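The values are calculated or read from the model by the stated rules, or taken from the named source; none is laboratory data. What you see is a predicted model, and the numbers here were worked out from it, not measured in a lab. A quick note on method: Cβ atoms are made from the backbone with ideal geometry, for glycine too, and the neighbour counts reach across all protein chains shown.
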Amino acid sequence: MESIDKKAADILERLKVLRTGHFSLTSGLHSDRYMQCAKLFENPLESEELCSDLSKRFSDIDLVAGPAVGGIIMAYEVARALGVRNIFAEREGGKMTLRREFSVSQGERVLIVEDVVTTGGSVKEVIDLLRESGAEIAGVGAIVDRSGGRVSFGVPFHALITTDVSSWKEEECPLCRDGVPLSKPGSRAV
């Protein structure tokens, strides 16, 4: 299922967010396309505009949270549009944690945001972390859903762009087979 917000697509194209080549994604999968949303977030006006557009798809939110690194600026911008506070989760020892004295209150309604979703692994880790802390997950938002709408979080999920981007396990990757040089632009190890 493809769904494209024209304004978002135009901004991402103008900012050259879409990269082509051979990429190792944060999920561990390989792909011939990569969304470098950092190119969006280095542009404050466009970031504010798209995050504000996404925020309008959610209501009754107390807090916005995002996984580091891709969700940090986005959580701030969506929270600013909603007039609520924001936090982010970071990996510590390979596991998502709340650091920097961040916390959530019992029953607090949290919107989790991520720049690009492929398998949803990082978002699912943040969902589990915040539920363990007593939060109620009100929804998930993304700039780009690369899964073609197949990823599910068990809560309302809205993305400005939903597209089906091919990805493969390393051992099945045709680009590896063809010897195309591999790039790993993601932030999982950060």
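Does Val116 satisfy the condition of being under 17 Å from Phe58 (Cα atoms), within 12 Å of the chain's Cα centre (by Cα) and assigned to a strand (DSSP E or B)? Before the answer, list the steps.
Working: under 17 Å from Phe58 (Cα atoms): no; within 12 Å of the chain's Cα centre (by Cα): yes; assigned to a strand (DSSP E or B): yes.
For Val116, the condition - under 17 Å from Phe58 (Cα atoms), within 12 Å of the chain's Cα centre (by Cα) and assigned to a strand (DSSP E or B) - is not met.
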Name the pairs: first residue in the range 168-183 and outside any loop (DSSP other than H, G, I, E, B), second residue among the aliphatic types (A, V, I, L, M), Cβ to Cβ under 7 Å, at least 6 apart or on different chains?
Trp168/Leu29
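To keep it simple, each residue is scored yes or no on (1) within 15 Å of Gly71 (Cα to Cα); (2) surrounded by 13 or more Cβ atoms within 10 Å (Cβ to Cβ).
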position: Gly120; (1), (2): yes, yes
position: Gly141; (1), (2): yes, yes
position: Val180; (1), (2): no, yes
position: Ser183; (1), (2): no, no
Restricting the range 25-47 to residues that are touching a strand residue (DSSP E or B) at 6+ places or on another chain (Cβ under 6 Å) and either among the polar types (S, T, N, Q) or in a helix (DSSP H, G or I) (or both), the residue that is modelled with the highest pLDDT:
Ser31
If Gly141 satisfies all but one of (1) outside any strand (DSSP E or B); (2) closer than 19 Å to Ile61 by Cα; (3) touching a strand residue (DSSP E or B) at 6+ places or on another chain (Cβ under 7 Å); (4) not hydrophobic (A, V, I, L, M, F, W, C), what's the number of the condition it fails?
(1)
For the range 48-76, which positions are closer than 11 Å to Gly141 by Cβ and outside any strand (DSSP E or B)?
Leu50, Cys51, Asp53, Leu54, Ser55, Lys56, Arg57, Phe58, Ile61, Gly71, Met74, Ala75
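Please find, among Phe153, Phe58, the residue that is touching a helix residue (DSSP H, G or I) at 6+ places or on another chain (Cβ under 9 Å), surrounded by fewer than 22 Cβ atoms within 10 Å (Cβ to Cβ), more than 30 Å from His22 (Cβ to Cβ) and at pLDDT 95 or above. Steps first, answer last, please.
Working: Phe153 fails: more than 30 Å from His22 (Cβ to Cβ).
Exactly one of Phe153, Phe58 is touching a helix residue (DSSP H, G or I) at 6+ places or on another chain (Cβ under 9 Å), surrounded by fewer than 22 Cβ atoms within 10 Å (Cβ to Cβ), more than 30 Å from His22 (Cβ to Cβ) and at pLDDT 95 or above, namely Phe58.
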The conditions are (1) touching a helix residue (DSSP H, G or I) at 6+ places or on another chain (Cβ under 6 Å); (2) at positive phi; (3) of a type outside the set (A, V, I, L, M, F, W, C), and Gly28 fails exactly one of them. Which is it?
(1)
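Given the criteria out of contact with any Gly (no Cβ under 8 Å at 6 or more places or on another chain) and among the β-branched types (Val, Ile, Thr), does Val144 qualify? Spell out how you get there, then give the answer.
Values: out of contact with any Gly (no Cβ under 8 Å at 6 or more places or on another chain): yes; among the β-branched types (Val, Ile, Thr): yes.
For Val144, the condition - out of contact with any Gly (no Cβ under 8 Å at 6 or more places or on another chain) and among the β-branched types (Val, Ile, Thr) - is met.
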Only one of Ala75, Ala68, Ala79, Ala38 that is surrounded by fewer than 20 Cβ atoms within 10 Å (Cβ to Cβ) and under 19 Å from Leu130 (Cβ atoms):
Ala68
Val113 is checked against (1) among the hydrophobic types (A, V, I, L, M, F, W, C); (2) modelled with pLDDT under 95; (3) surrounded by 23 or more Cβ atoms within 10 Å (Cβ to Cβ) and fails just one. What number does that condition carry?
(2)
